[in-house]
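To start, the structure under review is shown below, and the notes come after it.
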Amino acid sequence: MLTSLVISAIFLYLICIHYKIVAWLACLVSVIITCLAPQVSRMQGHYGLSYVCFFPILWYLLIQVIDKKNNKLFPFFILVNFAFGITHLYYFAISALFIFATIVYLFYEDKSKWKYYLSLITATILPILLFQIVLKLTDTVTDRHRNPYGFYYYRSYLSSIFLLYSEAERN
């Protein structure tokens, strides 16, 4: 987990250099962003969500795949998504949302490259499908509930987000 801080700073530095930020400032900014990452607070208890390096690695690989149109990076892109996704399922959701949002923006900018964007979508969905296959083949639990209790019960409302807990209870 602590190694993920160093890896995060390195990839954030590479992202800053890609966007032509001066090297000394890129180094400073990457360290500051790494230290301010919200995942740092997860290191005390929720180990699966404490990998600070996930999003910078994903972002850097996405930049490389899009800018260089390099198909050699697709297997590594899929492997990173799968490796973090089996660590915690939230990583699948985070990566899919980020990549789909990027593809929507790119499609809005240039609709002529839709086939390439389709390959990016495939590279995003493939790790999730691979995980589902591995789960089906290795899960020995036969009576797992399809809709676990609490999905509709434990949720937030606008009042519970923006008001104190005691005030949200009254509403």
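The values are calculated or read from the model by the stated rules, or taken from the named source; none is laboratory data. What you are looking at is a predicted structure, and each value in this text was computed from that prediction instead of being measured. Note: ideal-geometry Cβ built from the backbone for every residue, glycine included; neighbour counts use all protein chains shown. Heavy atoms of the whole protein, side chains included, go into the accessibility calculation; ligands, DNA and RNA do not. Shrake-Rupley method; radii C 1.70, N 1.55, O 1.52, S 1.80 Å.
Computed values, structure above
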item: Test result for S95, of a type in the set (S, T, N, Q) and either touching a Leu at 6+ places or on another chain (Cβ under 6 Å) or open to solvent by less than 40 Å² (accessible area, probe 1.4 Å) (or both); result: yes
item: Residue satisfying all of: in the stretch 107-127; surrounded by 10 or more Cβ atoms within 10 Å (Cβ to Cβ) and more than 15 Å from F74 (Cβ to Cβ); modelled with the highest pLDDT among these; result: F107
item: So T138, is it of a type in the set (S, T, N, Q), open to solvent by 80 Å² or more (accessible area, probe 1.4 Å), over 30 Å from L36 (Cβ atoms) and over 12 Å from the mean Cα position of the chain (by Cα); result: yes
item: L12 being under 30 Å from I133 (Cβ atoms) and under 16 Å from the mean Cα position of the chain (by Cα); result: no
item: Criterion (more than 25 Å from L120 (Cα to Cα), among the small types (G, A, S) and at pLDDT 90 or above) met by exactly one of A37, A9; result: A9
